[in-house]
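This report concerns only the one structure given below.
Nothing in this text is a laboratory measurement; each read-out follows from the coordinates by a stated rule. None of the values given here were measured: they were computed from a predicted structure. Cβ placement follows ideal geometry from the backbone for every residue including glycine, while neighbour counts extend to all protein chains displayed.
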Amino acid sequence: MQKAEIPSIHQEHQVDRNLVEHALDLLEASRTPRDEPVPLKEGLELPEVMPESGIEAKKMLDELASSVLETSAQLHHPGFMAHMDPPTPSVAWVASFWQAALNQNLLHPDVAPKARFLSERLVSWIAPFFGMDGGHFVPGSTVSNLTALWAAREIKGVKKVAASKMAHLSVRKAADILGLEYLAMDSDPLHQWHPDSDSDWTDTALFLTAGTVATGAIDHLKSLPSAPWVHVDAAWAGPLRFSNQYASLLDGVENADSVGFSAHKWMYQPKGAALVLFRDSETAHQAMSYGGGYLSAPNIGLIGSAPASALPLAATLLHWGRSGLSDHLNADMNKAEQLASLIEEHPDFEIWGPCRTGIVVWKPKHFPAAEVRSRLKKAWVSLTQIDNETWLRSVAANPGADPEFVFQQVLEAANIR
Ligand SMILES: Cc1ncc(COP(=O)(O)O)c(C=O)c1O
């Protein structure tokens, strides 16, 4: 009995072309056509406790598909202009599939010789666009920010971190974890912070944002006062550095000591891909380098076992080139501007401010924004609170988005003809 089961268990770890094709068919079938509402289902049709015995693989995929695939938010849909979550290009998810199948661990050079090399190569492609000389992959910008401030504390002994009140909550998390005092600074009415030259920034890391989470504002990155460390959180707008039209929006970033951004936002990558970059990466990496009995190379940074997130990104960049990425970003910026024009031209809507990095903040004048959002069936927008008011927020990270369609859906939801 035992012997008969071993080959079948082993079989599960071979390439199963049939299963992959079935998974692809289900994925394709789950894509809702533009004019049909996305089906909504409460809860999951899955057992409430762990099943004792298993089911055949294709049947299992069918069950999962009806529970999960068909009712997921469709990030590629023409109506999706909501969050900083892009649909992933097929070249990226096909490479993720390799990544999952190979399961390389960056922690161990012997298990991941190529994956480590690939990650280093990708960092060396990307870092110069920000004036940095190196860095490493992390799972998200929350970790980029924490890692950068950790380096600031170790290298420059900073005791405080100052950031605008519009900065992402991850700066507060990092301050709490690192035992830094957190200074919340006022920004200008357009949410841009310009650190004051008259203040004393001794012992303080300046934490600037390129693309605030609520409105996409960029803090002043040039003419900064002297401070022991400057970090730029470019989680959202960082990739504009690769655009031939918009790179200059981030001019000044090259003077920072560290920069972080999420490839899983505006580089269209599957979740878990971000970078932390340093102007002097050797010193930064030395400050956070740990050796251990079982490691043949030091473990640098916060993460232990780490996937080769560089692989899907390499596939995307090799396929598109820098100019293809630039075209995607420029097209998204254009979509945001199209939506902004529709809003500005309509008497029953107002827009919060200029759309600078692909984020449009808007609302109907006479209808609650939150109710509009809850009524949408074929489109997605997000909500944001500004000065105790709720606004709709549309993020242009979906190359398939149709701003006119989104606007039309919101008009209908707000009972505006
Ligand atoms: C400006 C900014 N910083 C940091 C983060 C955190 O990024 P992540 O979700 O990749 O950890 C976000 C997320 O939206 C963000 O907008």
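In segment 33-99, a dipole from Cβ-located charges (positive for Lys and Arg, negative for Asp and Glu) runs towards its positive end, and of P89, A57, V68 it is P89 whose Cα lies farthest in that direction. The loop-placed GluC sites (Glu not before Pro) in segment 105-198, going by DSSP, include none that has at most 10 neighbouring Cβ atoms within 10 Å of its Cβ. Looking at segment 35-128, none of the chymotrypsin sites (Phe, Trp or Tyr not before Pro) sits in a DSSP loop with at most 15 other Cβ atoms within 10 Å of its own Cβ.
Modelled spin labels at N334 and F367, positioned 7 Å past Cα toward Cβ, are 2.9 nm from each other. Structure remark: mean-square fluctuation, Gaussian network model of the chain, C-alpha springs under 10 Å; the largest value among Q14, Q269, Q74 belongs to Q14. In terms of distances greater than 25 angstrom between alpha carbons, the cross-link table entries K335/K363; K165/K378; K335/K378 yield K165/K378. Taking 0.36 nm per residue of sequence separation and removing the Cα-Cα distance, the L46/Q245 pair yields an extension gain of 66.8 nm. Applying 1/(1 + (r/R0)^6) with R0 = 45 Å to the Cβ-Cβ distance of T390 and H10 gives a FRET efficiency near 0.25. What residue among I300, I126, I55 shows peak mean-square fluctuation when the chain is described by a Gaussian network model with Cα springs under 10 Å? In this elastic network of the chain, the residue with the biggest mean-square fluctuation among I300, I126, I55 is I55. Under a GNM of the chain (C-alpha, springs under 10 Å), which listed residue has the highest mean-square fluctuation: T209, T147, T384? Comparing T209, T147, T384 in a Gaussian network model of the chain, the most mobile one is T384.
A straight line joining the Cα centroids of segment 117-155 and segment 235-313 runs 3 Å. Per-residue ellipticity at 222 nm from helix content only, as computed over the chain with -39500 (n - 2.57) for each DSSP H run of at least four residues, stands at -11000 deg cm²/dmol.
In a DSSP loop and with at most 16 other Cβ atoms within 10 Å, the trypsin sites (Lys or Arg not before Pro) in segment 29-135 are R31, R34, K41. Listed by Cβ neighbour count within 10 Å, with the fewest neighbours leading, M166, M81 appear as M166, M81.
The gain in end-to-end length when the I416 to Y294 segment is fully stretched comes to 37.4 nm, 0.36 nm per residue minus the alpha carbon separation. For segment 26-34, backbone phi angles converted through the Karplus equation (6.51, -1.76, 1.60; θ = phi - 60°) give residue-by-residue couplings of 5, 4, 4, 5, 7, 7, 7, x, 3 Hz, Gly and Pro being listed as x.
Straight-line reach from K377: which lysines have Cα under 16 Å away, leaving out those fewer than 8 places along the same chain? Reachable lysines: K41.
Here's the picture: charge each Lys and Arg Cβ at +1 and each Asp and Glu Cβ at -1 in the chain, and of A287, G304, V232 the one pushed furthest to the positive end of that dipole is A287. For segment 101-318, the share of DSSP beta bridges that are antiparallel, to the nearest 5, is 45%.
Residues S248, S309, S30, S67, ranked from the fewest to the most other C-beta atoms within 10 Å, line up as S248, S67, S30, S309. Placing +1 on the Cβ of every Lys and Arg and -1 on the Cβ of every Asp and Glu, with no other charges, gives the chain a dipole of roughly 400 debye about its Cα centre. Taking the fewest neighbouring Cβ atoms within 10 Å as the starting point, the ordered list for D198, D85 is D198, D85. Close amide H contacts of M185 (hydrogens built in the peptide plane, cut-off under 5 Å, sequence separation of 5 or more or a different chain): A163, S164, K165.
Under 18 Å of direct C-alpha separation, and excluding same-chain neighbours fewer than eight residues apart, K160 reaches these aspartates and glutamates: D176, E181, D186, D196, D198, D200, D203, D233, D257. Length gained on full extension, A73 to K173: 33.2 nm, using 0.36 nm per residue less the C-alpha separation.
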